[in-house]
Amino acid sequence: MTGVETRSVARDSLFLLADIRIEQHAETQRVRVRNLSDGGMMAEGNVRVQRGHRVEVELRNLGRITGSVAWVQDNRFGIAFDEEIDSQKARRPLKSGDDQAAALLRPLWAYRTPPPPEPGKLRKI
């Protein structure tokens with residue numbers, strides 16, 4: 001490798017979780033998105049995919065995106081999207097309202113630990 005960037009599409013490095021479903025399989029699996037561009041993504045996870053597999057990826061703020069596996073190396077693989085997306089939307093905060101992903105996360109926020117008590121209000125034992 002020469003270290004010269006030869007890609008025509010800029011990529012964003014990020015750490016994002018996504019659900020992926022391989023065509024002809026009913027179950028979805030969770031993967032880590034390592035980089036994302038308008039034309040594709042690199043994912044990492046214990047998913048058995050092969051080059052050419054058709055996949056459907058659920059990305060936050062973007063919904064379901066279809067594509068095909070372009071390459072596989074160990075537990076990382078690249079997906080080429082069928083249509084270009086706006087990859088910057090995935091970086092934005094989750095939308096409130098009827099967004100399913102936001103609804104799933106909302107209960108987690110309700111169980112935060114309370115703030116520590118004020119030192120002057122503590123009883124000495």
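Coordinate-derived values only; no laboratory data. What you see is a predicted model, and the numbers here were worked out from it, not measured in a lab. Here Cβ is always computed from backbone atoms with ideal geometry, including for glycine, and neighbour counts include all displayed protein chains.
Using a Förster distance of 22 Å, how high is the FRET efficiency between Leu17 and Ala80, based on the Cβ-Cβ distance and rounded to 0.05?
Calculated transfer efficiency: 0.60.
Quick one: putting +1 on the C-beta of Lys and Arg, -1 on the C-beta of Asp and Glu, what dipole do you get for the stretch 36-95 around its Cα centre, in Debye to the nearest 20?
In debye, rounded to 20, the stretch 36-95 gives about 240.
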